[in-house]
1. Quick one: 3J(HN,Hα) in Hz for the stretch 74-85, Karplus 6.51/-1.76/1.60 with θ = phi - 60°, rounded, Gly and Pro as x.
2. List, in order, the whole-Hz ³J(HN,Hα) value for each residue of the stretch 229-242 obtained from phi through the Karplus relation with A = 6.51, B = -1.76, C = 1.60 and θ = phi - 60°; use x for Gly and Pro.
3. Return the long-range amide H neighbours of E198 (sequence gap of 5 or more, or a different chain), with a cut-off of under 5 Å between placed amide H atoms.
4. Can you work out the Karplus-derived ³J(HN,Hα) for every residue in the stretch 62-72? Use 6.51 cos²θ - 1.76 cosθ + 1.60 with θ = phi - 60°, whole Hz, and x for glycine or proline.
5. Which of the peptides 191-204, 64-77, 375-388 is most tightly packed, and how do the rest follow, judged by the mean count of other Cβ atoms within 10 Å per residue?
6. Check L171: other-chain or 5+ apart residues with amide H under 5 Å from its amide H, H built from backbone geometry?
7. Could you give the radius of gyration (one decimal) and Dmax (whole number) of the Cα atoms in the stretch 154-194, in Å?
8. I want the local charge near E374. Using Cβ-Cβ distances under 12 Å, sum +1 for each Lys or Arg and -1 for each Asp or Glu among the other residues.
Amino acid sequence: MKRSLGRIHHHRLDRGIILIVKNTGFSITLGVTKLVLFLLILAHPLWAATYQWRILEAPKELYVNQSGVVRYECAFTTNAADYTIAFKPTGNENFKVSMLTQRDRIVEGKRVQTFDLLITPLRAGTIEIALDALIRHTTFASIENASIGRDNVKKYDFEDETAQLPKAIILAKANSTALSGEITMEVKVDKRRVIAHEPVHASLYIRGSGNLDQFVPYELNISGVNIFAEQPQKNISPSSAGFEGEIRQEFALVSEKNFVIPSVELEIFDTATQSRKVLRSQAVSIEVVQGFERSNLLDPPQITDWSGWVRYGLYGALIVLGIALDEAIRWLWKRRPRRRTKRFYDGAKTVKELITLLALSGEKRYIEVIEWLENKTVSLSEAKTKLEKIG
């Protein structure tokens, strides 16, 4: 037999709608507003993102000054677009830490953020790596308000939470060497024979991977030699082994007598063989010869030194040849053919024609020549020559 639920009465109040259900002495009254809030509270775990930190990989053992990578992962239950992670790891007296890489990606709609930290033990013993990160959450409404300047909001509202990361335990073994890694060394010298006080340039190269950032400038000492050393030039970048690349240090060596560049020795801890190793270069002998002296330059050649006399004779012959060529050029220049200016009387072929042309010109300076021609004192060519002199 079905039980009747009775009548349902609706009452509208200022604070919402109240439903009253009557049924044989049983009544339930619920405020719609409170019901909605109650449902939201129950649904909160469904939309609020949670996260979990874990260690993906970490070295079990390291030597002092040897670097290793500890990889942390923070996985969210949603895409966590409204979450940010402020992770700035700091070391202590037991280890040094720095951020190597970080990666943020979405896997099957869930956000996964990975951090690679470079850990370097500073002392021997068991090292405990205990770090924390700041998880910051902001609502989309806060982002919208800050973006459009609603209600004079100028910044985001964050809810901060400090997350304690899982601990990593590393056994640090004793190591007294300053450099660790897979490292090579090379020494180059630009010349082995120089004049006194001429500099010899030597270059020290450190290459490979390891804690190259801890390289200390090498000190080179040679008795009787002035040494000028530059600061090392480091071309290195972070890597999973610490740093990799090349370091170069330049030296200039100046002396007035022979000297030897001693063997350069550098003690390292070779991580490939897990043992100490001494990198050693070959010693280099430098020959220093005396420079030219002024008195030697002015000494005359010996009588028996015919090569000197031949050289001076050649110089003298070249000087005489130069003088002769100069005189020949001057003689030819004076006798070079010159272009004659054409005159109005050049076309006269007879004495009579020349007299006529000169008379028609009306120039008084030609009167004397006209008289010579009329008296037949000069010939036609002689008259033209005299006219050339008159101009």
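1. My calculation for the stretch 74-85 gives 10, 10, 9, 8, 10, 6, 6, 5, 9, 10, 10, 10 Hz in order.
2. 10, 9, 5, x, 9, 9, 10, 10, 9, x, 8, 5, 9, x
3. Correct list: S255.
4. 9, 8, 4, 6, 8, 9, x, 9, 10, 9, 9
5. Those peptides, ordered most packed to least, come out 64-77, 191-204, 375-388.
6. Counting only residues 5 or more places away or on other chains, the set is E61, L62, I127.
7. 25.7, 73
8. Net local charge, E374 excluded: 0.
A short reminder: the numbers here are calculations on the coordinates, not readings from a lab. Everything numeric here is computed off the predicted structure, so don't read it as measured data. Please note: Cβ atoms are built from the backbone with ideal geometry, for glycine as well, and neighbour counts cover all protein chains shown.
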